[in-house]
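**Student:** The structure that follows is given in the form of structure tokens.
The values are calculated or read from the model by the stated rules, or taken from the named source; none is laboratory data. All values derive from a computational prediction rather than experimental measurement. Here Cβ is always computed from backbone atoms with ideal geometry, including for glycine, and neighbour counts include all displayed protein chains.
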Amino acid sequence: MAGLRERQKANRTRRIIEAASTLFRAQGYDAVRIEDIAAAADVSTGTCYNYFSTKGDILLAIVSMEVEEVIDAGRAVVADPPSDIADALDRLVCIYYDHSLLYLTKELWRRAVALSVEAPETPFSQRYLALDARLTAQVADLVTALQQRGSARRGLDAEALGGIIFAQLNQAFIGFVTQDAMPLAQLHRTSRRVTDQLAQLMASP
């Protein structure tokens, strides 16, 4: 029975998250009420509040789902990266970027970033930063994998370099979501210029 309850809970949680994502994308974050999300997910408003205290919590759950999926997809790159450093970094970063608008719009990303910086001591902000830390760790894992292949210099601090790379590419992503007219292809071109330069600095002699 415990297993069944857990599956039912997971199913309701997923329905709420997916309903919220659809409504947020169609109507905008501010226009959507918890009651609207509950109705679209076919659960009671009380049930929705039992799972999520605020709309911000639901937004974070959508971000978390997005990050979990890109990290899962990125594992294949880390496990078997291209030997060319720029290609390896670009392949991982493209996974992050290409998936970013699957559940969230640029407006929703702006809202999530704003919520994370407006009140840095809140659980929302702490969880958001933890998600960034997981992505940073995966970039560092890729640097380590490239070192083990002999593509990147072994003397590099993979953890520190992963932080530098992610911070740079995350800043480019923030620029992307703050400009509604900017196409994804332009973000890819920007990131590729960065990864090309990083590859030159990282390459083994």
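**Student:** From 104, 142, 115, 108, grab the single residue that is in a loop (DSSP other than H, G, I, E, B), farther than 14 Å from residue 170 by Cα and among the aliphatic types (A, V, I, L, M). Explain how you work it out, then say what you get.
**Tutor:** Details: 142 fails: in a loop (DSSP other than H, G, I, E, B); 115 fails: in a loop (DSSP other than H, G, I, E, B); 108 fails: in a loop (DSSP other than H, G, I, E, B).
That would be 104, the only listed residue that is in a loop (DSSP other than H, G, I, E, B), farther than 14 Å from residue 170 by Cα and among the aliphatic types (A, V, I, L, M).
**Student:** Scan (1) more than 19 Å from residue 72 (Cβ to Cβ); (2) of a type outside the set (A, V, I, L, M, F, W, C); (3) in a helix (DSSP H, G or I) for the single condition residue 179 breaks and write down its number.
**Tutor:** Tallying (1) more than 19 Å from residue 72 (Cβ to Cβ); (2) of a type outside the set (A, V, I, L, M, F, W, C); (3) in a helix (DSSP H, G or I), residue 179 fails exactly one: (3).
**Student:** Could you list, in sequence order, all residues of region 56-88 that are among the small types (Gly, Ala, Ser) and in contact (Cβ under 8 Å) with a residue 60 or more places away in the chain?
**Tutor:** First pass over region 56-88, keeping only residues among the small types (Gly, Ala, Ser): 56, 61, 64, 73-74, 76, 79, 83, 86, 88.
Once the filter is applied, which keeps residues that are among the small types (Gly, Ala, Ser) and in contact (Cβ under 8 Å) with a residue 60 or more places away in the chain, region 56-88 yields 56, 64, 74, 79, 83, 86, 88.
**Student:** Out of 152, 79, 86, report the one residue that is farther than 23 Å from residue 190 by Cα, in the same structural domain as residue 177 (by TED's automatic domain parsing) and of a type in the set (Gly, Ala, Ser).
**Tutor:** Unique residue meeting the criteria: 79.
**Student:** A further question follows. Is it true that residue 41 is outside the structural domain of residue 167 (by TED's automatic domain parsing) and either exposed (fewer than 14 other Cβ atoms within 10 Å of the Cβ) or at negative phi (or both)? Let's see the steps before the verdict.
**Tutor:** Details: outside the structural domain of residue 167 (by TED's automatic domain parsing): yes; either exposed (fewer than 14 other Cβ atoms within 10 Å of the Cβ) or at negative phi (or both): yes.
So residue 41 passes the test.
Okay, residues lined up against (1) in contact with a helix residue (DSSP H, G or I) (Cβ under 8 Å, 6 or more places away or on another chain); (2) of a type in the set (S, T, N, Q); (3) under 18 Å from residue 186 (Cα atoms):
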position	(1), (2), (3)
90	yes, no, yes
93	yes, no, yes
98	yes, no, yes
101	yes, no, yes
110	yes, no, no
113	yes, no, no
117	yes, no, no
125	yes, yes, no
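**Student:** Looking at region 118-137, which of its residues are in a helix (DSSP H, G or I), of a type in the set (D, E, K, R) and without any contact (Cβ under 8 Å) to a residue 40 or more places away in the chain?
**Tutor:** We begin by selecting, within region 118-137, every residue in a helix (DSSP H, G or I); these are 118, 123-137.
Then drop every residue that is not of a type in the set (D, E, K, R), which leaves 118, 127, 132, 134.
Those that are in a helix (DSSP H, G or I), of a type in the set (D, E, K, R) and without any contact (Cβ under 8 Å) to a residue 40 or more places away in the chain: 118, 132.
**Student:** Condition first: surrounded by 14 or more Cβ atoms within 10 Å (Cβ to Cβ), touching a residue at least 12 places away in the same chain (Cβ under 8 Å) and in contact with a strand residue (DSSP E or B) (Cβ under 8 Å, 6 or more places away or on another chain). Can you find one or more residues in region 138-150 that meet it? Walk me through it before giving the result.
**Tutor:** Within region 138-150, the first condition is being surrounded by 14 or more Cβ atoms within 10 Å (Cβ to Cβ), and the residues that meet it are 138-147, 149.
Okay, now just the ones that are also touching a residue at least 12 places away in the same chain (Cβ under 8 Å), so 138-146, 149.
Narrowing the set further to residues that are in contact with a strand residue (DSSP E or B) (Cβ under 8 Å, 6 or more places away or on another chain) leaves 143, 146.
Checked region 138-150: at least one residue is surrounded by 14 or more Cβ atoms within 10 Å (Cβ to Cβ), touching a residue at least 12 places away in the same chain (Cβ under 8 Å) and in contact with a strand residue (DSSP E or B) (Cβ under 8 Å, 6 or more places away or on another chain).
**Student:** Give, as residue ranges, the helices (runs of 4 or more DSSP H) completely inside region 15-81 that count at least 2 residues that are within 25 Å of residue 138 (Cβ to Cβ).
**Tutor:** Details: elements: 34-41, 45-51, 55-79.
In region 15-81, 55-79 are the helices (runs of 4 or more DSSP H) which contain 2 or more residues that are within 25 Å of residue 138 (Cβ to Cβ).
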